[in-house]
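Q: Sharing a structure, written as structure tokens. Questions coming.
The values are calculated or read from the model by the stated rules, or taken from the named source; none is laboratory data. All of these numbers come straight from a predicted model, not from anything done at the bench. Because the Cβ atoms are built from the backbone with ideal geometry, glycine has one as well, and the counts that use them run over all protein chains shown. Note: areas computed on protein heavy atoms with side chains; ligands, DNA, RNA excluded. Shrake-Rupley method; radii C 1.70, N 1.55, O 1.52, S 1.80 Å.
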Amino acid sequence: ELATGIATSKVSGPGYNGEKIVVDALTDFSYGVGAADDMSLRKALALADILPGENTVEFAPSLFASGAQTLTLQDKSGGSVYQGALVLGSLVTLVGPGADLLSISGNDQSRVLHTKSTAVATVRDLSIVHGRVTGGNRGAGILNDGNLTLDSDSLENNVALNYGGGIYSSTGNLYISN
């Protein structure tokens, strides 16, 4: 087990460098919440930030056996740093099952993704929906401060009262395909 308390058994493969981290729970929880062996997307991205090298986060196919799913993020009203936007902060590729099969929703209460300045990230085959920021905040669906590639993603119904309802790229580089 890693010092952070995340079970290493959830990382497939022989080592930690360049491994796949498999999300097997579509609920939004972080450390110490949920079953000890469940891997949420929030936990997987935090794990990718501390493991060396490039890491890939993907979703267990069994999550979509009954069809399209929505992962709804917790809002920050509880004050926890583990709520609100999902953070991409390292060399990571986030691979969804297809934009038609998985939507990640800010529930009209928070930003969905924040790419930190330290990130070199790719997000592929996901829908980013119902992100919302108020006041002078920008980037309801995605706030990009790093290097971000979007490939075959969908951004819908994201609202910023200032700029960047879908995406706001401030200091980083943004590449979009398909």
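Q: With every protein chain left in place, what is the accessible area per residue of region 107-175 in square angstrom, probe 1.4 Å?
A: In whole numbers, region 107-175 has 43 Å² accessible per residue.
Q: Still on this structure, I have one more. Which of Leu113, Leu101, Tyr163 sits closest to the plus end of the dipole of region 35-167, meaning its Cα is farthest towards the positive end, when Lys and Arg get +1 and Asp and Glu get -1 on the C-beta?
A: Checked the options; the winner is Tyr163.
Q: Note down the nm distance, to one decimal, between modelled labels 7 Å out along Cα→Cβ at Ala68 and at Thr149.
A: 2.7 nm
Q: Hey, another quick one. So, counting K/R as plus one and D/E as minus one, what does the shell of residues with Cβ under 15 Å around Ser154 add up to? Please list the in-between numbers first.
A: Details: positive: Arg124; negative: Asp100, Asp125, Asp151, Asp153, Glu156.
So the surrounding residues net to -4.
Q: Hey, got the dipole for region 71-154? About the Cα centre, +1 on K and R Cβ, -1 on D and E Cβ, debye to the nearest 20?
A: For region 71-154, the charge dipole is close to 280 debye.
Q: I'd like the accessible area for Thr70: 1.4 Å probe, protein heavy atoms, all chains in place, Å² to the nearest 10.
A: Around 80 Å² of this residue is reachable by solvent.
Q: Please check which bits of region 92-117 a label hung off Asn162 would reach, taking the label as a point 7 Å along Cα-to-C-beta and the cut-off as backbone N under 16 Å.
A: Of the residues in region 92-117, 110-112, 114-115 have backbone N under 16 Å from the label point off Asn162.
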